[in-house]
Each structure stands twice: as C-alpha cells, then as structure tokens.
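Have a look at the structure below, then the notes.
The values are calculated or read from the model by the stated rules, or taken from the named source; none is laboratory data. All figures in this text were calculated on a predicted structure; none of them were measured in a lab. Here the Cβ positions follow ideal geometry from the backbone for every residue, glycine too, while neighbour counts run over all protein chains shown.
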Amino acid sequence: MTAKQTLNSVGLLIFRVGIGSMMFFGHGLDKLERVFQGNLQFGDPLGIGSELSFVLLAMAESLMSLAIIFGVFTRLAAIPIVFSMLVAVFAVHISHPFGKMELPLMYAAGFFLLIFTGPGKFSFDTLICKFWHNWRNKKR
C-alpha cells in the first residue's frame with residue numbers, strides 16, 4: 001500500500017468513526033432506547049405507519065451507524081441512513097428554514113461519501129474481502 005493509499009484509508013477511518021459516532025450517540029442511541037421502552041410515537045412521513053417508520057429510523061441511526069463505525073458492510077449500511085436523512089429533509093423539514101435541513105443534509109452528504117468511497121483499508125470489510133478471496137482461491 002502506498003503512502004497516499006494509507007493516508008486516504010486513515011482519513012476514511014477517522015471520517016467513518018467520527019460521522020458514525022455522531023449519528024449513533026447523537027441520534028441513534030436515544031431512538032434505540034425508545035424502541036426497547038416501547039415508546040414508538042413518531043410521525044408517518046412515508047405513509048407506512050408511525051411505529052414502523054420509527055423502528056426503521058431507529059435501526060438506521062443506531063445499528064447501521066455501528067456497522068459504519070466498524071466498517072462492516074459499510075456501503076450497504078450507509079444507504080438506509082442516507083435515505084432517512086433525505087426523508088427528513090424533503091418530507092419533514094422542507095417547509096422549515098434552511099437551518100432545520102442543514103444537519104440532515106450534512107449527514108446525507110457524509111454517508112453518500114462512504115457509499116462511493118467505501119470504508120478504506122482499516123475496516124472489517126477489508127478483512128472480510130481478504131478472507132473471502134483467500135477462501136475462494138483455496139477451493140480452486
């Protein structure tokens with residue numbers, strides 16, 4: 001691995017752990033606790049029911065954030081978070097001042113970045129890929 005690749009992977013590690021932790025501790029953990037308490041009161045921005053909407057949002061903001069922090073299925077884990085942030089912008093805050101949309105837009109942009117770049121070399125995704133590649137080559 002070149003120095004540039006190493007620095008890029010370190011940058012993605014810092015970014016991934018940072019944005020994932022901010023989402024988890026700032027938003028996901030509280031929602032996950034509410035799910036376990038049975039407090040599922042929430043809006044219904046998608047028309048699928050308020051309880052299901054809340055559970056899906058809680059799972060995106062908590063479990064998917066943890067997956068991103070550890071770099072496990074990073075690209076896939078970022079998709080539900082981006083989706084939930086875009087719903088927050090376009091279905092919930094669209095008529096509010098820009099300041100209400102700014103945070104979900106920043107989260108959406110950050111998690112979009114991870115969809116396109118992946119987690120970098122310092123992740124469980126890399127270990128999983130190496131294991132899979134070695135296992136497939138041994139079978140041949």
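Here Ser21 clears all of (1) among the polar types (S, T, N, Q); (2) touching a Ser or Thr at 6+ places or on another chain (Cβ under 8 Å); (3) within 30 Å of Thr117 (Cβ to Cβ); (4) surrounded by fewer than 13 Cβ atoms within 10 Å (Cβ to Cβ) except the condition numbered (4). Annotation: of all residues in the range 47-61 being of a type outside the set (A, V, I, L, M, F, W, C) and buried (at least 16 other Cβ atoms within 10 Å of the Cβ), the one that is farthest from Phe124 (Cα to Cα) is Ser53.
So that you can scan it fast, the table gives a plain yes or no per residue for (1) surrounded by 18 or more Cβ atoms within 10 Å (Cβ to Cβ); (2) more than 30 Å from Leu127 (Cβ to Cβ); (3) of a type outside the set (Val, Ile, Thr):
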| position | (1), (2), (3) |
| --- | --- |
| Leu63 | no, no, yes |
| Ile68 | yes, no, no |
| Ile79 | no, no, no |
| Ser84 | yes, no, yes |
| Gly110 | yes, no, yes |
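Checked against (1) surrounded by 14 or more Cβ atoms within 10 Å (Cβ to Cβ); (2) within 24 Å of Gly43 (Cβ to Cβ), Glu102 passes all but condition (1). For the range 94-132, a tally of residues being modelled with pLDDT under 95, more than 19 Å from Ala77 (Cβ to Cβ) and of a type in the set (Asp, Glu) returns 0. Consider Leu40 carefully, then state whether it is in contact with an Asp or Glu (Cβ under 8 Å, 6 or more places away or on another chain) and surrounded by fewer than 17 Cβ atoms within 10 Å (Cβ to Cβ). When the stated conditions are applied, Leu40 passes them.
Only residues that are over 21 Å from the mean Cα position of the chain (by Cα) and of a type in the set (A, V, I, L, M, F, W, C) were counted across the range 1-39, and they come to 3.
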